[in-house]
Amino acid sequence: MNTAKTVFLMLILTGLFLFIGYLVGGEQGMIFALALAALLNLGTYWFSDRIVLAMYRAQEVDESQAPGLFRVVRRLAQRAGLPMPRVFVIPENSPNAFATGRDPQHAVVAVTSGLLSMLGEEELEGVIAHELSHVRNRDLLIGAIAATLAGALMILARIFYFFGGGGRSREGSGLGALLLLIVAPLAALFIRLAISRSREYQADESAGVLTANPRGLASALAKLDRAAEHYPMEQAEPSTSHLFIVNPLRGDWLAGLFSTHPPIRARIERLERLAQAQLR
């Protein structure tokens with residue numbers, strides 16, 4: 001169900017992107033939109049992992065430096081049928097984790113030092129299983145494409161406003177372009193949020209199946225959520241917040257509305273239902 005929903009939302013986002021390209025310049029505008037999306041996605045595909053690791057000053061570690069972490073990652077990667085990913089530690093007290101990389105053969109798992117010091121092995125196993133599920137489900141590529149298309153859509157909307165709508169003399173065209181400038185990015189944002197939240201639910205479920213212990217991840221999520229309230233990740237960027245297992249950004253109800261993550265309580269309730277189903 002989540003996969004079908006993701007495909008449907010991606011089709012809507014792509015259609016909206018091409019529609020604005022058509023408004024900007026007809027068929028040539030659509031071709032331009034496709035070329036822009038291809039160029040941005042190519043850059044994202046090859047360089048997004050290096051950029052995000054550098055942003056958070058993540059340091060690659062070997063087995064001698066983090067034997068417990070390596071043991072958990074290796075065991076779960078083998079169980080999931082994935083190549084052993086590279087392992088990074090972020091020097092950050094706020095407990096969190098993310099996975100990145102363009103495909104399973106180039107995957108990276110990064111955890112903060114705060115997460116390592118806070119979680120027990122079963123909880124750490126749940127977190128790593130969640131991140132490896134993103135790798136196995138190809139969520140990293142889907143998320144990167146959705147974020148890139150959303151960003152490119154904002155660029156196209158601005159182009160249409162200044163050159164396609166704002167510069168026309170027909171009555172009402174300027175107002176229409178202004179509305180498009182506002183509505184299109186908002187539509188892209190909500191579609192991107194829906195995709196991200198859907199993939200988080202699926203990664204939670206996949207992790208519960210992979211570990212056969214959904215309550216381990218549920219316990220970890222509860223701890224991480226409470227800790228994030230007291231130790232927010234000050235260096236977190238909105239553009240990369242969707243990568244983390246729990247939202248590193250904290251704010252008021254409006255920030256929650258635009259969060260890339262579903263509510264922690266809802267995620268824990270789903271994991272509890274999965275745990276009960278496994279016992280039957």
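Summary of computed values
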| item | result |
| --- | --- |
| Cβ-Cβ under 6 Å pairs, at least 6 apart or on other chains, region 194-207 side more than 12 Å from Ile245 (Cα to Cα), far side part of a helix (DSSP H, G or I) and at pLDDT below 75 | Ala194/Leu9; Ile195/Thr6; Ile195/Leu9; Ile195/Ala146; Ser198/Asn2; Ser198/Lys5; Ser198/Thr6; Gln202/Asn2 |
| Matching residues in region 120-129 - criterion: being out of contact with any Leu (no Cβ under 8 Å at 6 or more places or on another chain) and either buried (at least 23 other Cβ atoms within 10 Å of the Cβ) or not in a helix (DSSP H, G or I) (or both) | Gly120 |
| Output for region 100-114, where each listed residue is touching an Asp or Glu at 6+ places or on another chain (Cβ under 8 Å) and in a helix (DSSP H, G or I) | His106, Ser113, Gly114 |
| Region 30-62: number of residues that are over 30 Å from Asn93 (Cβ atoms), without any contact (Cβ under 8 Å) to a residue 60 or more places away in the chain and over 19 Å from the mean Cα position of the chain (by Cα) | 7 |
| Unmet requirement for Leu180, which otherwise passes all of (1) surrounded by 14 or more Cβ atoms within 10 Å (Cβ to Cβ); (2) at pLDDT 75 or above | (2) |
| Any hit, region 35-51, residues being of a type in the set (Val, Ile, Thr), surrounded by 12 or more Cβ atoms within 10 Å (Cβ to Cβ), modelled with pLDDT of 75 or more and part of a helix (DSSP H, G or I) | yes |
| In region 113-142, the residues that are within 21 Å of Arg75 (Cβ to Cβ) and more than 16 Å from the chain's Cα centre (by Cα) | Leu115, Leu116, Ser117, Met118, Leu119, Gly120, Glu121, Glu122, Glu123, Leu124, Glu125, Gly126 |
| Subset of region 60-107 that is touching a Phe, Trp or Tyr at 6+ places or on another chain (Cβ under 6 Å) and within 24 Å of Pro232 (Cβ to Cβ) - its residue that is surrounded by the fewest Cβ atoms within 10 Å (Cβ to Cβ) | Asn93 |
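The values are calculated or read from the model by the stated rules, or taken from the named source; none is laboratory data. Quick caveat: nothing in here was measured; it's all calculated off a predicted structure. In this analysis, Cβ positions are derived from the backbone assuming ideal geometry, glycine residues included, and neighbour counts consider all displayed protein chains.
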